[in-house]
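Enquirer: Sharing a structure here in structure tokens format.
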Amino acid sequence: MSWTEKYRPRTFEEVAGNQKAIAEIKKWISGWKAGEPQPPLLLVGPPGTGKTTMAHIIGREFSDTLELNASDKRSQDAIMRTAGEASATRSLFNHDLKLIILDEVDGIHGNEDRGGVQAINRILRESRHPIVLTANDPYSKRLQSIKPKCKVINIRKVHTSSIAAALKRICRAEGIDCPDDVLKELAKRSHGDLRSAINDLEAVASGEERVGEELLSMGEKDSTSNLFDAVRAVLKSRDFSKIREAMRVDDDPTLVLEFIAENVPREYEKPHEISRAYDMLSHADIFFGRAVRSRNYTYWRYASDLMGPGVALAKEKTYRKFVRYTGSSSFRLLGRTRKQRNLRDSVAGKMAERMHISPKVAISLFPYMEIIFGNDEMAYEMREFLELTDEEVKLFRKRKIKAPKAKKTRKKSDKTGPLYTQKKKSRSADRGSKSTEGKTRKSSDDKSPGSDSGDDKPREKQTSLFQFSG
């Protein structure tokens with residue numbers, strides 16, 4: 001049996017460090033035992049800090065435990081077949097609560113774990129039993145839908161002195177003589193990872209009665225910082241080597257830049273320091289842009305030095321105060337406007353397809369579309385042409401578009417009624433009288449001035465200048 005299993009804590013009193021987190025966990029357990037269902041517990045922290053150990057200790061407080069760890073297949077079917085059924089049923093031999101442990105949920109990925117996150121979300125909604133989840137990366141995309149449903153407890157790295165005390169207890173139990181300064185150096189090299197320190201001690205001291213400096217000859221563990229460690233080192237220190245070491249993170253460097261930019265005004269107080277810091281960040285952003293455009297990622301080293309040591313040296317002195325650092329507000333803004341941006345992109349795609357333009361040009365035409373949609377008839381025709389939904393139409397106008405009414409043509413047969421008949425007769429009489437007067441005037445004009453008034457014979461029509469009457 002390995003020493004990490006042999007000396008694994010069995011109670012909360014044996015756990016090294018994280019006493020504040022343990023107090024919150026005990027309160028959570030008491031709530032379940034008092035008949036008050038609690039939200040699922042999500043333990044987040046670096047590897048080797050005791051997350052799984054705490055989950056097992058919590059399991060001893062309940063009647064039964066079901067665990068799915070990283071080595072198990074965690075597809076949607078597998079999770080629903082095991083944890084899903086267990087979360088909805090009572091124990092076979094008693095009616096007490098049972099604990100469901102889902103270990104390293106941020107490691108669900110690949111085809112073998114397809115649909116795993118959806119299954120976990122369903123279990124969190126429908127479970128009648130307490131659930132504990134663990135994760136290493138608090139910023140993992142797989143936790144975006146899980147974290148809002150859980151009570152999140154941060155498990156921090158174990159302090160160097162606590163690790164050294166744990167190593168000393170193990171040496172005493174194994175009968176090994178080791179100097180305290182060597183154990184302290186080994187604890188320091190573990191960077192808060194208690195499990196790693198125990199493994200290193202076992203690798204060298206197992207079967208020995210005395211160890212010394214040879215324990216340190218195995219080298220130092222390669223470690224990476226998390227985002228907030230990097231931000232804290234940049235804003236709290238002016239030590240160039242310490243800052244560059246802290247900047248070794250596994251996350252996207254542009255994400256680190258966003259976090260530093262968000263917290264600069266929280267840490268720095270003088271306006272000229274803030275100005276210099278943002279000037280360094282703007283130059284770093286330029287190098288990130290060049291790296292993307294040219295695919296030459298050696299530019300990252302310049303960007304890293306500008307946003308790390310460059311921002312750190314922008315301050316004249318370090319500020320000895322407590323500051324609660326936060327994530328980038330730009331990501332929260334993007335999250336709130338995601339639906340609106342998806343709607344915008346959908347409309348731009350339809351315009352690009354129908355109008356044979358790029359989506360970027362289509363978005364630039366949105367102000368003109370608002371003017372067009374101000375007219376009901378044109379709005380209706382444009383909606384039919386682009387095949388827009390009601391939600392997409394709301395980008396350009398608030399009111400719903402009503403279908404235009406068809407123009408009615410009145411037939412002659414429709415003109416009936418006594419008023420219309422009487423009006424028609426009066427119009428016919430007027431036309432008859434006017435015709436009679438016209439004929440009378442014409443006949444009087446046709447008479448010759450020298451003819452007798454009593455001659456009723458019609459005169460012949462004069463057809464030529466040389467024709468005379470006989």
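Enquirer: Using modelled backbone amide H atoms (1.01 Å from N, in-plane), which distant-in-sequence or interchain residues come within less than 5 Å of F396's amide H?
Expert: Answer set, sorted by chain and number: none.
Enquirer: Of the peptides 96-105, 7-16, how do they stack up when ordered by the mean number of other Cβ atoms within 10 Å, highest first?
Expert: Packing order, densest peptide first, comes out as 96-105, 7-16.
Enquirer: With a point put 7 Å past each Cα toward its Cβ, work out how far K188 is from Q19 in nm, to one decimal.
Expert: Label-label distance for K188 and Q19, simple model: 2.5 nm.
Enquirer: Work through the residues other than L41 whose Cβ is under 13 Å from its Cβ and net out their charges, Lys, Arg +1 and Asp, Glu -1.
Expert: +3
Enquirer: Take the residue pairs K242/K270; K339/K394; K6/K98; K26/K157; K157/K184; K26/K184 and return only those whose Cα atoms are more than 22 Å apart.
Expert: Check vs 22 Å cut-off fails for K242/K270; K6/K98; K26/K184.
Enquirer: Ok, one more. Would you please state which residues of the range 343-387 a label at R293 would reach in this model, taking the label point 7 Å out along Cα→Cβ and a backbone N cut-off of under 20 Å?
Expert: Of the residues in the range 343-387, 360-361 have backbone N under 20 Å from the label point off R293.
Enquirer: For the range 4-13, what does the Karplus curve 6.51 cos²θ - 1.76 cosθ + 1.60, with θ = phi - 60°, yield as ³J(HN,Hα) per residue in whole Hz, taken in order and with x for Gly and Pro?
Expert: 3J(HN,Hα) across the range 4-13, in whole Hz: 5, 7, 5, 10, 5, x, 9, 9, 5, 5.
Enquirer: Taking neighbour Cβ counts within 10 Å as the exposure measure, how do M307, M382 sort from fewest upward?
Expert: In increasing order of surrounding Cβ atoms, one gets M382, M307.
Enquirer: Can you check what the net charge comes to around K270, using other residues whose Cβ is under 9 Å from the Cβ of K270 (Lys, Arg +1; Asp, Glu -1)?
Expert: Result for the neighbourhood of K270: -2.
Enquirer: Counting alpha carbon pairs within less than 8 Å and at least 6 residues apart, what relative contact order, in whole percent, applies to the range 108-195?
Expert: It comes to 27 percent, rounded to a whole number.
Enquirer: Right, another one. Non-local amide H neighbours of L66 (under 5 Å, H modeled in plane, Pro and chain starts lacking H): which ones?
Expert: When sequence neighbours closer than 5 places are left aside, the close amide H contacts are L99, I100, I101.
Enquirer: Still on this structure, I have one more. Explain nothing, just the number: relative contact order of the range 338-393, from Cα pairs under 8 Å at least 6 residues apart, as a whole percent.
Expert: The value is 37 percent.
Enquirer: Another question, then. Residues with amide H under 5 Å of L133's amide H, sequence separation 5 or more or different chain, H placed in the peptide plane at 1.01 Å from N; which?
Expert: Residues meeting the amide H criterion: L41, L42, L43, L102.
Enquirer: Full-extension gain between N199 and S282, please, as 0.36 nm times their residue separation minus the C-alpha to C-alpha distance.
Expert: Between N199 and S282, full extension yields an extra 25.5 nm.
Enquirer: By the scheme Lys and Arg +1, Asp and Glu -1, what is the net charge of all other residues having a beta-carbon under 14 Å from that of G31?
Expert: +1
Laboratory data are not the source of any read-out in this text; all were calculated from the coordinates shown. Remember, it's a predicted structure, so these values are computed and weren't measured experimentally. Please note: Cβ atoms are built from the backbone with ideal geometry, for glycine as well, and neighbour counts cover all protein chains shown.
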